[in-house]
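Let me begin by presenting the structure, written as structure tokens, before commenting on it.
The values are calculated or read from the model by the stated rules, or taken from the named source; none is laboratory data. The structure presented is a predicted model; accordingly, all values stated were derived computationally and were not measured. Cβ placement follows ideal geometry from the backbone for every residue including glycine, while neighbour counts extend to all protein chains displayed.
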Amino acid sequence: MSLNSNKLTSSGTVYFMFSILTQLINMLLIPLYTSNLSQNDYGKYELLNTIQQLLGLAITIGVYSGLKRFFYDVENKKTLKNTALNFSVLWGIFVFLVVYFISPLISEYVFSGDNEVTLYIRIIIITSLLTCLIAIYTSYYEMEFKAFRVAIVQLSILGLTFLLATYFILILGNGIIGILKATLISNLLVFIVLFILDFKNYKIAIHIPYLKNILYYGGGLLLGQISAWILNLIDRFFIKELINYSAVAVYSISSKIGMLINPVFITPFAQVFTAYKFKVYKEEGGQQKIQNMFRIYNIIGCFCIFGLAIFGKIMISILATNEYLEAYKIIPLIAVSHFIWGIGQFYSLGLHVANKMMLNSLIVVISAFINIVLNILLIPHLGINGAALATIVSYIVANTLYYYFSEKYYSLGLGLLYPYKYCIVFVLLYGVYWLLISPISNLYIEFVCNIILCVLYVLLLIAFKFTNIQEIKGFLLSIVKRK
């Protein structure tokens, strides 16, 4: 399979367009949940979400990451996929049995003995297993550059979740349990369809050499992934203990808006870049190609941060109740943290091509430890702002370590401070927004002012020579041609 710019742009455009659609559904879920759950219950639900993601790591143990890493190195790619699937089923059943029996302890120590939480945890562990199996299929399709198929899977899960959650919550009057049932059934239905469509290629077999490679690579990432979970989500537990469930709810709303930078930009970018970087890094001119991708990442990423920062207040006003409005002030910090974390996919490239996964994980562990310490120190004094700042500082530390160690194995030829020069325009115009526009109470006037700021942002990018008119035209035309 030849990798060319048309295929790269086409895949990226498909991921982007479907990410927008899936995120629109995610946004529709926010008013459904916040209007029908108390702020305390919504905070509790978000804590359950963080536990589900941790359980997902325990089940996947980096299997689908290993599949991606060795996809181009093996002769029989279907055997590689079947090995990942069969092992994950066996391992997932084992993890389910363990969690089933310890779920009362989790309820006791994390949720103050809430009896309903025991059932919630048993449901989310099954959902986590299904999510893992679906991720193996989508990872396989990603590496084949079947972007449309991957996007349809993701959109189907969210679409079904929205429909079922609406039924369980609005019609049956279920609360948290309704959301969890909707998520479980959606993942189950999508997995069944994927399995049936791929049944002719499925075999009950495990290729031991393939499995060893997958587990060695993926297992090396596991400690880092758990640490990444700490970096991204453990602050919810500190907020709950040091403040309350309501603060968790407000922080979670700001996170949902701030992290829109992921589905809108970072995730589709990474889905393309993951296959791209492993394909071109050893080619002639590979370093220059990756450098150009890095420049694109920084230009578009900073613009996304700016957009979320200035439109966040309007979005919260539309999607949630007034008790969540103050969350807009934290959105820029959340968006910046995700942007900085995304930079790691570049700075850590050398570690990945050299298979230094334990070192990769150690870096994330160090950053996670720093994050825990900073949460303990900052939240009592700065509240939920302290949690966001702790995450940003931790990500900067991670990128610094990635850069230092990764350069030994593959040099990007860029400085450590390279990305931050693109933040100049953001800082200037966000200052204008904060001082002059954010106090405006009329959302329509604020919206118009924000549009003007976005136009000024693009003009300043050109003025600072970060990009040019021809490049912007080419980018817009490439999107239009592939709609």
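For region 142-164, residues that are of a type outside the set (Val, Ile, Thr), at pLDDT 85 or above and out of contact with any Phe, Trp or Tyr (no Cβ under 8 Å at 6 or more places or on another chain) total 7.
Of all residues in region 196-227, those being over 30 Å from Ser394 (Cβ atoms) and in contact (Cβ under 8 Å) with a residue 40 or more places away in the chain number 11.
Per this entry, Val74 is not counted among residues that are modelled with pLDDT of 80 or more and assigned by TED's automatic domain parsing to the domain that holds Ser227.
Results for (1) over 30 Å from Gly286 (Cβ atoms); (2) modelled with pLDDT of 90 or more; (3) among the aliphatic types (A, V, I, L, M); (4) not assigned by TED's automatic domain parsing to the domain that holds Leu401, shown as yes or no for each residue.
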{"site": "Ile318", "(1), (2), (3), (4)": "yes, no, yes, no"}
{"site": "Tyr324", "(1), (2), (3), (4)": "yes, no, no, no"}
{"site": "Ile331", "(1), (2), (3), (4)": "yes, yes, yes, no"}
{"site": "Gly344", "(1), (2), (3), (4)": "no, no, no, no"}
{"site": "Val353", "(1), (2), (3), (4)": "no, no, yes, no"}
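Residues that are over 19 Å from Asn360 (Cβ atoms) and at pLDDT 80 or above within region 392-416 comprise Ile392, Val393, listed in sequence order. Residues in region 430-461 that are closer than 25 Å to Ile296 by Cβ, β-branched (Val, Ile, Thr) and surrounded by 14 or more Cβ atoms within 10 Å (Cβ to Cβ): Val458 alone. Taking region 96-109 as the range and being β-branched (Val, Ile, Thr) and crowded, with 18+ Cβ neighbours inside 10 Å as the test, only Val99 passes.
From the list Leu67, Leu85, Leu80, pick out the single residue that is crowded, with 17+ Cβ neighbours inside 10 Å, modelled with pLDDT of 85 or more and in contact with a helix residue (DSSP H, G or I) (Cβ under 8 Å, 6 or more places away or on another chain). Matching residue, one of Leu67, Leu85, Leu80: Leu85. Here Leu163 meets each of (1) touching a residue at least 60 places away in the same chain (Cβ under 8 Å); (2) more than 26 Å from Ser65 (Cβ to Cβ) with one exception, condition (1). From the list Ile366, Ile343, Ile314, exactly one residue is buried (at least 17 other Cβ atoms within 10 Å of the Cβ) and assigned to a helix (DSSP H, G or I). Which is it? Unique residue meeting the criteria: Ile343. All told, Leu24 falls short of being assigned to a helix (DSSP H, G or I), of a type in the set (A, V, I, L, M, F, W, C) and in contact (Cβ under 8 Å) with a residue 40 or more places away in the chain.
Taking first residues from region 399-418 that are in contact (Cβ under 8 Å) with a residue 60 or more places away in the chain and partners that are surrounded by 15 or more Cβ atoms within 10 Å (Cβ to Cβ) and small (Gly, Ala, Ser), the Cβ contacts under 9 Å between residues at least 6 apart in sequence or on separate chains come to Tyr410/Gly350; Tyr410/Ala354; Ser411/Gly350; Leu412/Gly350; Leu412/Ser406. Scanning region 118-145 for residues that are over 19 Å from Val272 (Cβ atoms), buried (at least 20 other Cβ atoms within 10 Å of the Cβ) and not aliphatic (A, V, I, L, M) yields Tyr120, Thr127, Ser128, Thr131, Cys132. Across region 189-231, which residue is modelled with the lowest pLDDT among those that are surrounded by fewer than 20 Cβ atoms within 10 Å (Cβ to Cβ) and β-branched (Val, Ile, Thr)? So, considering only residues that are surrounded by fewer than 20 Cβ atoms within 10 Å (Cβ to Cβ) and β-branched (Val, Ile, Thr), the one modelled with the lowest pLDDT is Ile226. For region 288-311, the criterion of being assigned to a loop (DSSP other than H, G, I, E, B) and either closer than 28 Å to Ile61 by Cβ or in contact (Cβ under 8 Å) with a residue 24 or more places away in the chain (or both) is met by none of the residues.
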